[in-house]
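First up is the structure itself, then whatever we jot down about it.
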Amino acid sequence: MKKIYLLFICIGLICFSFTSGMQAQSNTVEKQASKDLKIEGLRIFPNPATGDILYITSDLQRTKTIKIYTVLGKQVVFKVLIGKELNISNLNPGVYVIKITEEGRQATRKLIIE
C-alpha cells in the first residue's frame, strides 16, 4: 500500500513540474510577441528638447499613453495624449526614458531635455 502512495506522489510531482514549465514558456512567447509590435512612423521632436512642448506623432495618429521615467527608473510623467503636443515644462534638464503605448504597440526612446 505504501508503494502505491509513493507512486501517486511521484506522478503528481512530475505532472506539476511539467505544467509550470509550459506556463512559463507560453508567457515568454506572449511577451516576445508584444515586443515585436512597433509603432509605425513614430516621431518625437524636438529631441533634445529646449522648450516646453514635445511633439509626438505616428502614422495611425491614435490616442497614446505616455510615461516618462528618470534614468533611475522613477516615473515622473503619466499622460494620455489625444493630440500630438505634450507639455514638459515641469521636467528638469536631463536625460529621461519615454515609453509610448498606442493600441497595444509600444516604443521606448531616450529623451534629452536641455
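Some observations on this one:
- Among the residues of the stretch 59-80, those identified as modelled with pLDDT of 95 or more, hydrophobic (A, V, I, L, M, F, W, C) and under 21 Å from residue 41 (Cα atoms) are 66, 68, 80.
- Contact annotation: no residue pair with Cβ atoms under 8 Å, 6 or more positions apart or on different chains, pairs a residue in the stretch 50-65 that is in contact (Cβ under 8 Å) with a residue 24 or more places away in the chain with a partner that is hydroxyl-bearing (Ser, Thr, Tyr) and open to solvent by 70 Å² or more (accessible area, probe 1.4 Å).
- Pairs where the first residue, in the stretch 87-114, is in contact (Cβ under 8 Å) with a residue 40 or more places away in the chain and the second is of a type in the set (Asp, Glu) and assigned to a loop (DSSP other than H, G, I, E, B), C-beta under 9 Å, 6+ apart: 105/40
Every residue, every condition in (1) aliphatic (A, V, I, L, M); (2) in a loop (DSSP other than H, G, I, E, B); (3) open to solvent by less than 70 Å² (accessible area, probe 1.4 Å), yes or no:
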| residue | (1), (2), (3) |
| --- | --- |
| 66 | yes, no, yes |
| 73 | no, yes, yes |
| 80 | yes, no, no |
| 86 | yes, no, yes |
| 109 | no, no, no |
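- Here residue 28 fits the description: β-branched (Val, Ile, Thr) and at pLDDT below 60.
The values are calculated or read from the model by the stated rules, or taken from the named source; none is laboratory data. Since this is a predicted model, take the numbers as computed values, not measurements. Please note: Cβ atoms are built from the backbone with ideal geometry, for glycine as well, and neighbour counts cover all protein chains shown. Calculation scope for accessible area: heavy atoms of the full protein, side chains included, ligands and nucleic acids excluded. Shrake-Rupley method; radii C 1.70, N 1.55, O 1.52, S 1.80 Å.
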